[in-house]
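Remarks on the structure that follows.
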Ligand code: B1M
């Protein structure tokens with residue numbers, strides 16, 4: 001029986017090494033990577049978010065928890081990405097200009113990789129011109145734009161405009177997401193898809209290749 005609750009608490013306390021070791025042990029015991037992700041890591045980070053909102057923890061604690069989350073995700077990555085087949089296509093992913101949040105983006109990346117799509121990660125604070133250049137360089141089929149701040153959602157729109165201006169809009173599907181983003185906003189800015197979580201993002205991305 002995997003110790004989901006314990007892993008969630010280790011994450012909340014930012015005990016990165018202990019968490020990574022326990023994630024490794026759970027994987028070795030046959031616990032599915034997806035269950036570790038959803039039952040421990042996502043739950044733990046959600047709890048940190050709630051406490052942050054209530055001013056029970058502050059930025060340093062959140063950062064330490066975020067580092068633990070990323071370290072645990074690195075341990076999970078090979079198991080999540082296991083597909084054993086040639087990539088069906090290429091997706092670019094990033095957090096948009098002005099935005100440094102990368103935990104959700106990293107989750108979406110791993111889940112999409114798990115469907116057999118090659119994913120190029122352009123990181124955070126990614127300017128529209130960088131994304132346009134990367135579409136050309138990697139011959140991308142999909143562009144995934146994450147935004148966590150109401151003030152950076154507009155960068156998703158700016159990126160779509162830049163892709164249009166570069167004459168590449170018909171070549172790529174644009175997916176948007178992140179906590180403040182909605183279907184209505186996605187429709188307004190002309191994105192091809194909006195999804196609210198990493199699992200649905202992966203499902204939607206794969207459906208583009210059906
Ligand atoms: Co910031 N932060 N943060 N933060 N932070 C939020 C987002 C906030 C809601 C907290 C709050 O006030 N309650 C708030 C935003 C308010 C708003 O605009 N509406 C906020 C703020 C204000 C800020 C700063 C401005 C704080 C400050 O400095 N005063 C600052 C901004 C820095 C910047 O980006 N320029 C800031 C900084 C930080 C830290 C650096 C401390 C840290 C980020 C560390 C990191 O990412 N490496 C941080 C964190 C951790 C959070 C919270 C607590 C957690 C975010 C997170 O990782 N959630 C967050 C509060 C919260 O969410 N409750 C908060 C877990 C993650 C798994 O969820 O990213 O939503 P999420 O991803 C989900 C979905 O949204 C979706 O799938 C994922 C999982 O299924 N998804 C996609 C995401 N991208 C997608 C793309 C898709 C599809 C789905 O398709 C392409």
All positions within the stretch 161-199 that are modelled with pLDDT under 95, surrounded by fewer than 19 Cβ atoms within 10 Å (Cβ to Cβ) and not in a loop (DSSP other than H, G, I, E, B) | 199
May I ask you to verify whether residue 43 is without any contact (Cβ under 8 Å) to a residue 40 or more places away in the chain, buried (at least 20 other Cβ atoms within 10 Å of the Cβ) and either more than 17 Å from the chain's Cα centre (by Cα) or in the same structural domain as residue 13 (by TED's automatic domain parsing) (or both)?
-> no
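Within the stretch 5-31, how many residues turn out to be free of Cβ contacts under 8 Å to residues at least 40 places away in the same chain, surrounded by fewer than 19 Cβ atoms within 10 Å (Cβ to Cβ) and at negative phi? Step through it out loud before you land on a result.
Kept after step one, since they are free of Cβ contacts under 8 Å to residues at least 40 places away in the same chain, are these residues of the stretch 5-31: 5-6, 8-9, 18, 21-22, 25-26, 28-31.
Imposing the further condition that a residue be surrounded by fewer than 19 Cβ atoms within 10 Å (Cβ to Cβ) reduces the set to 5-6, 9, 18, 21, 25, 28-30.
So of that shortlist, the ones also at negative phi come out as 5-6, 9, 18, 21, 25, 28-29.
Residues meeting the conditions: 8.
Could you please find all residues in the stretch 61-100 being over 19 Å from the mean Cα position of the chain (by Cα) and at pLDDT 85 or above? So that I can check it myself, show each step before the final result.
Residues of the stretch 61-100 over 19 Å from the mean Cα position of the chain (by Cα): 61, 84-86, 88.
Of everything in the stretch 61-100, those that are over 19 Å from the mean Cα position of the chain (by Cα) and at pLDDT 85 or above turn out to be 61, 88.
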Hey, could you check the stretch 103-138 for residues that are touching a strand residue (DSSP E or B) at 6+ places or on another chain (Cβ under 8 Å) and touching a residue at least 40 places away in the same chain (Cβ under 8 Å) and say which is nearest to residue 62 (Cα to Cα)?
-> 104
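Would you call residue 204 more than 14 Å from the ligand (Cβ to nearest atom) and either under 29 Å from residue 76 (Cα atoms) or without any contact (Cβ under 8 Å) to a residue 40 or more places away in the chain (or both)? Full working, then the answer.
Details: more than 14 Å from the ligand (Cβ to nearest atom): no; either under 29 Å from residue 76 (Cα atoms) or without any contact (Cβ under 8 Å) to a residue 40 or more places away in the chain (or both): yes.
No, not satisfied.
The values are calculated or read from the model by the stated rules, or taken from the named source; none is laboratory data. Just so it is clear, the model here is predicted, and its values are computed rather than measured. Reconstructed Cβ throughout: ideal geometry from the backbone, glycine too, with neighbour counts over all protein chains shown.
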